[in-house]
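Taken together, the values in this text are just the output of simple stated rules run on the coordinates, not laboratory data. It should be emphasised that the depicted structure is a prediction, and the values quoted were computed from it without experimental measurement. Using ideal geometry, Cβ is built from the backbone for each residue, glycine included, and neighbour counts are taken over all protein chains shown.
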Amino acid sequence: MGFVKQSEKLKVMTTLQDSGINRWVLVAGAGFAMLAVVIGAFAAHGLKQVLDAYSLGLFETAARYQMYHAIALLIVAVFSTVPQFSTRWLNLAAAAFILGIILFSGSLYLLALSGIRWLGAITPLGGVAFIFGWLALIVAALKYPSQTNKINL
């Protein structure tokens, strides 16, 4: 009997691993986190003598928000292994976090390096993408079937 249950668990885990979302989101999250560390270290050590305090602050903010949302991508990857969460909304959350990193952090990195002020107008679009990503993650959690949320007394 225990063997059958173990076999069923293995089948479910294999199916979840084959679903794809957790793999690509995990890779994206880990990649963006690694880049945040590399970029942050580069700014702290390599650009300290080149950029003014304002530009270094932009770099720090960009790297910090990139790391926050790289971790959010890792959370989405973990949630994607739970079959009760809405895959559609998890996909939307992941896409929004990736878009937010590119627009928010990317525009701040470019603004800090180039001084082109109009790039600052792109940054809020990335912020909106971040907010939508968090909202999509909330919806994915709320899509959890209500019958499994009931407490049996």
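In region 21-144, a dipole from Cβ-located charges (positive for Lys and Arg, negative for Asp and Glu) runs towards its positive end, and of 28, 113, 42 it is 28 whose Cα lies farthest in that direction. For region 21-144, the Cβ-based charge dipole about the Cα centre amounts to some 240 debye (Lys, Arg positive; Asp, Glu negative; other atoms uncharged). Taking Cβ atoms as reference points and 15 Å as the exclusive limit, the residues near residue 52 contribute a net charge of +1, counting Lys and Arg as +1 and Asp and Glu as -1.
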